[in-house]
1. Over all pairs of distinct alpha carbons, what does the Kirkwood formula give as the hydrodynamic radius of the range 1-95, in Å?
2. Using a basic spin-label model with each label point 7 Å from the Cα along Cα→Cβ, how many nm lie between Gln69 and Arg134?
3. Before rounding to the nearest 500, sum -39500 (n - 2.57) across all DSSP H runs of length at least 4 in the chain and divide by the residue total; then give [θ] at 222 nm in deg cm²/dmol.
4. Return, for the Cα atoms of the range 15-175, the radius of gyration and Dmax in Å, separated by a comma.
5. How do the peptides 85-94, 32-41, 138-147, 55-64 rank, highest first, by the average count of neighbouring beta carbon atoms within 10 Å per residue?
Amino acid sequence: MAIDVELPVTAERIRTLRVGDEVLLSGRIVTAREAAHRRLAVRFEPRVRAALEGRFVYHCGPVVAPDGQGWRFVAAGPSASFRVEPWQAEVIARYGVRGVVGKGGMGAATLGALREHGAVYLHPAGGLAVTLARRVTRVVAVHLLDELGVTDAVWEIEVEGFPAVVTMDAHGGTLHGPAAGLGGPSATADPSAAGA
């Protein structure tokens, strides 16, 4: 049974989640890919901090369309997360991020930041970009649009029942360890081999 996670959320609540937990996210999240992470790590953006604190960043380059005076998401599939590894830990710390949603897992620096700050990494479930876009109920704002362009801008969106699975948790558990060469605790590792 999926666990409902309402955003914003506290580090204490996030620490109750474990690798393998299925969740349904509801509330405000923010999209950001490589260009946005690079920018956010070197130049503090107060508006983005306000949008991200206690919330999740989604590695997604959405397909959007004009909708009256605003925008609507047409497709919202995940982007490969490892490309933002050089900046993700800094963004988690600087912006109060409680979760990262993406594809393919992340590295040791991000895993350390998840543990230190009480955050998780998740893979979207249901995978189809168009299906995931249907979980976006509203585009709240767009940041850095002129500077980064539509795909790489920071989109602040409301989601309802966005399905995902925890694959890296705030306790050092990861489903990506062996593949990524992290060498840290793994949800699939034999616990008795941990030096008992």
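1. One over the average 1/r among Cα pairs gives 14.8 Å for the range 1-95.
2. Here the modelled spin labels are 2.9 nm apart.
3. That calculation yields -6500 deg cm²/dmol at 222 nm.
4. Gyration radius and largest Cα-Cα distance of the range 15-175: 14.2, 45 Å.
5. 55-64, 32-41, 85-94, 138-147
Every read-out reported here was derived from the displayed coordinates using simple, explicitly stated rules and does not represent laboratory data. Nothing here was measured: the structure is a model prediction, and the numbers come from that model. Quick reminder, even Gly has a Cβ in these numbers, built from the backbone with ideal geometry, and neighbours come from all protein chains shown.
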